[in-house]
Amino acid sequence: MPDSLSLPGGKRFAFTIFDDCDNSTAQNTRPFYELLERLGMRTTKTVWSFSSPEIHPNWRGSSTLEDAEYKAFAQELQERGFEIASHGASMMSSPRDQTKRALDTFFEAFGHYPRSHANHGDNRDNIYWADTRFRSRLLKALYCGTRAGRAAKSEGHVPDSPYFWGDYCRAHIAYVRGFTFPVTNLLSANQAGPPGARRHLHRRNARSDLQPQ
């Protein structure tokens, strides 16, 4: 472990899961969390507040807080020490007013706004997602090239977009997941480790276009 990596309690190893709620139901997800609890582990699970009238086939097996059983399951997980986070308002792109209602729905369900947020797929309300994750023009071009003309639009941080909610994000959410890696050991992808990731997230939240409107 790099000397620069500092973990709580002086630990030298950490493991966690940030569980996206794609195609999650109470039935197919409960056994997984029962196992984690038996192992003495507490991780993070995301939820969507709302469904959508036009659901992409990839997400048709998903439950949201509109489902009473699923909502009760998520509340039960919180009571057992698991963190409940946001995966956005819905599995499909959500305009500003729906995102605001989704945050309020989350608050009503769990007694607080989500501390963490993970962008979902190609939703246009994503915050600093798609090619906006990269400051390097070269990396932006490489990313868009790998998408073969399917580059998604990320507009959650763009004030003049109908999908803008950067001010709500700044007001209520502490961490936004900005990168994903196809490996289990993140140190092999980022030697800076978690502290470096936190600095990156805080820089993003400090951008002037996330100021309250």
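The values are calculated or read from the model by the stated rules, or taken from the named source; none is laboratory data. Just so you know, these numbers come straight off a predicted model, no measurement behind them. Note that each Cβ is placed from the backbone with ideal geometry, even for glycine, and that neighbours are counted across all protein chains shown.
Picking from 90, 52, which residue would you name as being in contact with a strand residue (DSSP E or B) (Cβ under 9 Å, 6 or more places away or on another chain), over 24 Å from residue 179 (Cα atoms) and without any contact (Cβ under 8 Å) to a residue 60 or more places away in the chain?
52
Kindly establish whether residue 81 is more than 27 Å from residue 187 (Cβ to Cβ) and touching a residue at least 24 places away in the same chain (Cβ under 8 Å).
On the way: more than 27 Å from residue 187 (Cβ to Cβ): no; touching a residue at least 24 places away in the same chain (Cβ under 8 Å): yes.
Judged against the criteria, residue 81 is not a match.
Quick check on my filter: what residues within region 123-143 are hydrophobic (A, V, I, L, M, F, W, C), buried (at least 16 other Cβ atoms within 10 Å of the Cβ) and free of Cβ contacts under 8 Å to residues at least 24 places away in the same chain?
Restricting attention to region 123-143, the residues satisfying the condition of being hydrophobic (A, V, I, L, M, F, W, C) are 127, 129-130, 134, 138-139, 141-142.
With the extra rule that they be buried (at least 16 other Cβ atoms within 10 Å of the Cβ), the set shrinks to 127, 129-130, 134.
Scanning region 123-143 gives a single hit, 134.
Are any residues in region 83-135 of a type in the set (A, V, I, L, M) and farther than 25 Å from residue 37 by Cβ, and if so, which ones? Please lay out each step first, then the result.
Of region 83-135, the ones of a type in the set (A, V, I, L, M) are 84-85, 89, 91-92, 102-103, 109, 118, 127, 130.
Passing the criteria: 89, 91, 92, 102, 103, 127, 130.
List, please: which pairs have Cβ atoms under 6 Å, are six or more places apart or on different chains, and start with a residue in region 16-44 that is touching a residue at least 24 places away in the same chain (Cβ under 8 Å) and end with one that is of a type in the set (D, E, K, R) and not in a loop (DSSP other than H, G, I, E, B)?
Listed by first residue and then by second, the contacts come to 19/45; 26/69; 44/83.
With assigned to a helix (DSSP H, G or I) and either at pLDDT 95 or above or on the phi < 0 side of the Ramachandran plot (or both) as the only criterion, which of 85, 72 stands out?
Numbers: 85 fails: assigned to a helix (DSSP H, G or I).
Being assigned to a helix (DSSP H, G or I) and either at pLDDT 95 or above or on the phi < 0 side of the Ramachandran plot (or both) holds for just one of 85, 72, which is 72.
Failed condition for residue 139, given (1) assigned to a helix (DSSP H, G or I); (2) at pLDDT 95 or above; (3) out of contact with any strand residue (DSSP E or B) (no Cβ under 9 Å at 6 or more places or on another chain), with all others met?
Failed condition: (2).
Of all residues in region 9-29 being part of a loop (DSSP other than H, G, I, E, B) and closer than 21 Å to residue 187 by Cα, which is modelled with the highest pLDDT? Talk me through it step by step, then tell me what you get.
First, the residues of region 9-29 that are part of a loop (DSSP other than H, G, I, E, B): 11-17, 20-25.
Adding the requirement that they be closer than 21 Å to residue 187 by Cα leaves 11-17.
Working: 11: 82, 12: 80, 13: 80, 14: 80, 15: 81, 16: 83, 17: 91.
If we take residues in region 9-29 being part of a loop (DSSP other than H, G, I, E, B) and closer than 21 Å to residue 187 by Cα, then 17 is modelled with the highest pLDDT.
May I ask you to list the residues in region 145-163 that are out of contact with any Lys or Arg (no Cβ under 9 Å at 6 or more places or on another chain) and either modelled with pLDDT under 90 or not in a loop (DSSP other than H, G, I, E, B) (or both)? Can you show your working first?
At the first step, the residues of region 145-163 found to be out of contact with any Lys or Arg (no Cβ under 9 Å at 6 or more places or on another chain) are 145-151, 158-160.
Of everything in region 145-163, those that are out of contact with any Lys or Arg (no Cβ under 9 Å at 6 or more places or on another chain) and either modelled with pLDDT under 90 or not in a loop (DSSP other than H, G, I, E, B) (or both) turn out to be 145, 146, 147, 148, 149, 150, 151.
Looking only at region 145-155, decide whether some residue is touching a strand residue (DSSP E or B) at 6+ places or on another chain (Cβ under 8 Å) and within 23 Å of residue 62 (Cβ to Cβ).
The first filter runs over region 145-155 and keeps only residues touching a strand residue (DSSP E or B) at 6+ places or on another chain (Cβ under 8 Å), leaving none.
Scanning region 145-155 turns up no residue that is touching a strand residue (DSSP E or B) at 6+ places or on another chain (Cβ under 8 Å) and within 23 Å of residue 62 (Cβ to Cβ).
If you take the residues in region 30-59 that are modelled with pLDDT of 95 or more, assigned to a loop (DSSP other than H, G, I, E, B) and in contact with a Phe, Trp or Tyr (Cβ under 8 Å, 6 or more places away or on another chain), which one is surrounded by the most Cβ atoms within 10 Å (Cβ to Cβ)?
49
Quick check on region 74-82. Is at least one of its residues surrounded by fewer than 15 Cβ atoms within 10 Å (Cβ to Cβ), among the basic types (Lys, Arg) and over 27 Å from residue 161 (Cβ atoms)?
Within region 74-82, one or more residues are surrounded by fewer than 15 Cβ atoms within 10 Å (Cβ to Cβ), among the basic types (Lys, Arg) and over 27 Å from residue 161 (Cβ atoms).
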